[in-house]
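The values are calculated or read from the model by the stated rules, or taken from the named source; none is laboratory data. In this text, all values refer to a predicted model and were calculated from it rather than measured experimentally. Cβ sites come from the backbone with ideal geometry, for glycine too, and all protein chains shown count toward neighbours.
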Amino acid sequence: MTRRWGRDPFPAGLVQAVEAAARQALATSAAPGLSVALVHHGQQHWAAGYGVADRTTGQPVTAGTRFQAASLSKPVTAWGVLRLVESGRIGLDEPIIGRLRRWRPPPSPFDTDGVTVRRLLSHTAGLSVHGYVGQTPDRPLASVASSLSGETGDGFPVELLEAPGRRWLYSGGGYSLLQLLVEELTGRPFADYMQTEVLEPLGMTASSFRWSRTAHTARPHDTDGRPLPDFAFAEQAAAGLVTTAPDLACFLGAALAGPGGEPPGRGVLSPAGVRLALTAAPATDGRWGLGYGLGLTPSGDLLAYHEGANRGWRAGLALLPDRGAGIAVLANGDAGSGPTDAVVQQWLALATPNQTHARRHCCIARSPRATASTSPLKDDRSWHGRVVRPFLGALPSRRASTLLGFASTIRLNATVPPAAWRWLIRRLVRHDHDVVTAAVPGLHGHLPPCRTLGLPFSSRSIDRS
């Protein structure tokens, strides 16, 4: 039986429900460990750890265990960049390429003057390189300028693929460009700037954009739960944050009014700067702000989110600004997407009214500007609108139950008309652009139920960070 609550998402049973979801999801997954933190009224309300931080030693996960946060680095980075904008060091819509000394993009037919801070933060600058694979710490960490030029040996050069401002195209390379911009504007290493200007002021004392292994750092694991080596990132702004669930709760809470009347931004950003970050940017179809993905829950609440995936790590955060609530989840395994999704689904189902249990209904978001689409599932309005990727759970159709995870795998465990398969794949390819390749077996033929389709990444899209 599903319990529902009104505007206050913290009745006595919510923590217990989230805990139960975490334990159950972890018990059925190869992911070794999970850490969760909840935000209420602008501050951390609760945090806990589950499972083990290292399968080899059996060290347990606690609320204080450190994880790589992968692409959750990006919204934190956005605060550091917007702080420079608010201080007058760079304009939000000012061309940035001319401000750089250590890197220039390769020649292209597109106007580089269209590359601005706003477009980089909202993934509308038209740049390449979706994500990064990282490198083992036994190699000297390359500079971000070398990464942008493709000289690190584990990535491609960042280049203009299309005209800036034309459309949304997810680019970790764009955040690497922002990292270089921060370093050149401040004359400081990016990690040092973020430590003193963002992390420490927000109380994120266990966090850093500079990788280091401590006694409280979890170990990454592969999809079968086997330990992996550590991977560090020259691309710190895109994928380098190391943090804890409670520290991420501090970050989420800073975007909300505090329990003592503290303004959003907590002095790092102005309240207007926070509102800007949580407002859909041009050319994103309402799907992205400055550092955050955006959508509407089925109940009409604004949802800000981000997900992350480095090798051996999975992460997710979600924020309901109008309800003063948020959640952060970190996992130390490639199999961590399922547990992460399940926990966020349970939280979201109980934090917003008029939703049934996440196993039965949709905890994905609709675009604030979405209109009715040509879905083949005409009997179910929940298919209408834009499908977004945060914590994608069971689509609420009587004919389909679809689970979309970080591994870009689709599993339909009910009989689905071929038209519905083709419609769903087309939606994914359109919204993930170069992330999902069009090489999907059987896409144009009859697709039987219970078939699993692997959607491989393109050569330039190594992960979903």
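Quick notes
- Counted residues, the range 111-127 - those being farther than 20 Å from residue 293 by Cβ and buried (at least 20 other Cβ atoms within 10 Å of the Cβ): 1
- Close Cβ contacts (under 7 Å, 6 or more residues apart or on different chains) running from residues in the range 93-120 that are within 16 Å of residue 161 (Cα to Cα) and free of Cβ contacts under 8 Å to residues at least 60 places away in the same chain to residues that are charged (D, E, K, R) and part of a loop (DSSP other than H, G, I, E, B) comprise 97/104; 105/159; 106/159; 108/159; 110/162; 116/93; 116/94.
- In the range 331-339 there is at least one residue matching the filter, namely being on the phi < 0 side of the Ramachandran plot, assigned to a strand (DSSP E or B), at pLDDT 95 or above and in contact with a strand residue (DSSP E or B) (Cβ under 7 Å, 6 or more places away or on another chain).
- Restricting attention to the range 78-109, the residues being surrounded by fewer than 20 Cβ atoms within 10 Å (Cβ to Cβ), in contact with a strand residue (DSSP E or B) (Cβ under 9 Å, 6 or more places away or on another chain) and not in a loop (DSSP other than H, G, I, E, B) number 2.
- Residue pairs whose Cβ atoms lie under 7 Å apart, separated by 6 or more positions or on different chains, with the first residue in the range 33-50 and under 16 Å from residue 337 (Cα atoms) and the second among the basic types (Lys, Arg), are 50/23.
- Residue within the range 129-142 that is modelled with pLDDT under 95, of a type in the set (Ser, Thr, Tyr) and in contact with a Pro (Cβ under 8 Å, 6 or more places away or on another chain) present: yes
- Restricting the range 180-218 to residues that are of a type in the set (D, E, K, R) and in contact with a Pro (Cβ under 9 Å, 6 or more places away or on another chain), the residue that is farthest from residue 145 (Cα to Cα): 213
- Test for residue 73: is it surrounded by fewer than 18 Cβ atoms within 10 Å (Cβ to Cβ) and in contact with a Leu (Cβ under 7 Å, 6 or more places away or on another chain): no
- Scanning the range 275-287 for residues that are buried (at least 22 other Cβ atoms within 10 Å of the Cβ) and outside any loop (DSSP other than H, G, I, E, B) yields one hit, 277.
- Condition check for residue 82: under 30 Å from residue 151 (Cα atoms), touching a residue at least 40 places away in the same chain (Cβ under 8 Å) and touching a helix residue (DSSP H, G or I) at 6+ places or on another chain (Cβ under 7 Å): yes
- Selection over the range 77-94 of residues that are over 18 Å from residue 189 (Cβ atoms) and either over 26 Å from the mean Cα position of the chain (by Cα) or of a type in the set (D, E, K, R) (or both) gives a count of 5.
- Hits in the range 169-190 - residues which are surrounded by fewer than 19 Cβ atoms within 10 Å (Cβ to Cβ) and not charged (D, E, K, R): 185, 186, 187, 189
- Qualifying residue in the range 296-309 (condition: acidic (Asp, Glu), in contact (Cβ under 8 Å) with a residue 40 or more places away in the chain and crowded, with 24+ Cβ neighbours inside 10 Å): yes
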